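Notes follow once the structure below has been shown.
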Amino acid sequence: MQDPNEDTEWNEILRNFGILPPKEKPKDEVEEMVLRLQKEAEVKPYERMNLKELKEAEDDFDEADRKAVEMYRQQRLQEWKCLQRRQKYGELREISGDQYVKEVTNAPKDVWVIIHLYRSSIPMCLLVNEHLSQLARNFPEAKFVKAIVNSCIQDYNDTCLPTILVYKSGEIKGRFIGVAECGGIYLKVEELEWKLAEVGAIETDLEENPKKEIINMMTLSKQNTSARENTNTKSSDVLKPHIT
């Protein structure tokens, strides 16, 4: 079949009689560029401004634009606050007992504070510090700190380490004291993330407790043990001589 866009005398005759549609014009690069620039010009100028520029140009906008500018300013302000907070936290910081009140108890009311009281000679404490360092990077909106326990509490029992305390508005919202409550010697970072999310300190994307399967297996094992004990007891009762 002959190409209707082909430059032939016959095709030109057919186009003149309306039998073939007009020949497609090749796209003009200049025309495309003009259209793109026109589209870009439709973007409001304030959408390319920072907070300072918005303030300076405030009088140049009409009433309709001023409302949009105010909404846009609030959006940019929230983005700025979020950026500031991310720059402020995002790491597990070491503090001393003297800094406890300032860094933990008197932290901003809208900030969750997770503090780990530890002793470097205890392997579980080192594991918790490693996990908290990763969580601090993943959840920079929360404040993660650690402190050698002796600088905060004298004669603290090693059996209570590691100790993780979760604060909000100067109050303790959660506590994990000792190896078992912190998750055990095989603690995974996801398990610690879940624990902190349960008390509200962070917002996790985990859909269920990573340790759920282990907990279910332990529960099932206890149930099976209990069932066997009940069966053995009943069997023993059957075998006992009947005394009249």
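The values are calculated or read from the model by the stated rules, or taken from the named source; none is laboratory data. As the structure is a prediction and not an experimental result, all values here were calculated from the model. Backbone-built Cβ (ideal geometry, glycine too); neighbour counts: all protein chains shown. In case anyone asks, the SASA skips ligands and DNA or RNA and just uses the protein heavy atoms, side chains included. Shrake-Rupley method; radii C 1.70, N 1.55, O 1.52, S 1.80 Å.
A few comments on the model shown:
- Area of T8 that stays accessible when all protein chains are in place (1.4 Å probe, Å², to 10): 40
- Taking all protein chains as they are arranged and a probe of 1.4 Å, the heavy atoms of D155 leave approximately 150 Å² accessible to solvent.
- Whole-number D in µm²/s for segment 99-162 (Stokes-Einstein; Kirkwood sum over Cα pairs; 25 °C, 0.890 mPa s): 196
- Taken one residue at a time, the phi angles of segment 150-160 give Karplus couplings (6.51, -1.76, 1.60, θ = phi - 60°) of 5, 6, 10, 9, 7, 6, 6, 5, 4, 5, 8 Hz. Gly and Pro are set to x.
- Neighbourhood net charge (14 Å Cβ-Cβ; Lys/Arg +1, Asp/Glu -1) for L187: -2
- The magnitude of the dipole of segment 103-171, with charges of +1 and -1 set on the Cβ of Lys/Arg and Asp/Glu and taken from the Cα centre, is near 120 debye.
- Estimated translational D of segment 100-222 in µm²/s (Stokes, Kirkwood radius over Cα pairs; 20 °C; 1.002 mPa s): 143
- In this rough spin-label picture, where each label sits 7 Å from Cα along the Cβ direction, the V101-I177 distance is 2.3 nm.
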